[in-house]
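Down below is the structure, laid out as structure tokens.
The values are calculated or read from the model by the stated rules, or taken from the named source; none is laboratory data. The model shown is predicted, which means the values in this text are computed figures rather than measured ones. A quick note on method: Cβ atoms are made from the backbone with ideal geometry, for glycine too, and the neighbour counts reach across all protein chains shown. To get the accessible areas, we keep the full protein, side chains included, count just its heavy atoms, and leave off ligands, DNA and RNA. Shrake-Rupley method; radii C 1.70, N 1.55, O 1.52, S 1.80 Å.
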Amino acid sequence: MSGPHEITFYEEKNFQGRSYECMSDCSDMTSYLSRCQSCRVESGCFMVYDRTNYMGNQYFMKRGEYSDFQNMLGMRDCIRSCRMIPMHRGQFRMKVYERENFGGQSHELMEDCDNIMDRYRMNDVQSCNVMEGHWLMYEQPQYRGKQMYMRPGEYRSFRDMGMSGMRFMSMRRIMDSCN
């Protein structure tokens, strides 16, 4: 019986080579595996990153098998860190701002938004305040393109988080079922 959150990483594609089982956050997987090219999510949801310390490109992983990251996710690199996404029951609330430091036009979201431009006439989101729940932000409308995981907290500048040049055009709640 697997726990509430469990992910197993493998050095090679197709679940081959050495493996590392993880049930929480791991800021540097290189101490366990020299590289990581496939994984199985037994339960729960995770964000994986192609750089250590939760930096670089981010990918959302829900329950399932990922036999080849490079092909399945378009990753150019291996996974170097991962973060467990806790289950959240209750409301979701996030306020998004057009400019850094909570400036410019703002809107409060409580539901998924597939296109911030169409819905709110905002052509950019540079900062946000996540009051409740865990969210995924996407570079393109319709939940496509690069992703960024947002947990409760204030995010004054996406640029300072290593997201310079990225625009976020859609946002989705990470729900209990992790679907």
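Surface composition of the chain: carbon plus sulfur atoms hold 40% of the accessible area, using a 1.4 angstrom probe and ignoring ligands, DNA and RNA.
Between Q105 and M72, residue separation times 0.36 nm minus the direct Cα-Cα distance comes to 8.2 nm.
Volume per residue for the stretch 63-144 equals 139 cubic angstrom (convex hull of Cα atoms). Out of the stretch 71-177, which GluC sites (Glu not before Pro) are coil in DSSP terms and have no more than 11 other C-beta atoms within 10 Å? When the GluC sites (Glu not before Pro) of the stretch 71-177 are filtered for loop state and at most 11 Cβ neighbours within 10 Å, E111 remain.
For the chain, compute the orientation-averaged projected area of the C-alpha convex hull (one quarter of its surface), in nm².
Working: hull surface 39.5 nm².
The directionally averaged projection comes out at 9.9 nm².
The mean accessible area for residues of the stretch 35-104, using a 1.4 Å probe and ignoring ligands and nucleic acids, is 47 Å² per residue. Near M122, the amide H atoms lying under 5 Å from its own belong to M117; only residues 5 or more places off or on other chains count, and H is placed 1.01 Å from N.
Here the 3J(HN,Hα) profile of the stretch 145-154, calculated from phi with Karplus coefficients 6.51, -1.76 and 1.60 at θ = phi - 60°, is x, 4, 10, 9, 8, 10, 10, x, x, 9 Hz, Gly and Pro shown as x. Here the gap between M131 and R151, fully extended at 0.36 nm per residue and compared with their Cα-Cα distance, gives a gain of 6.3 nm.
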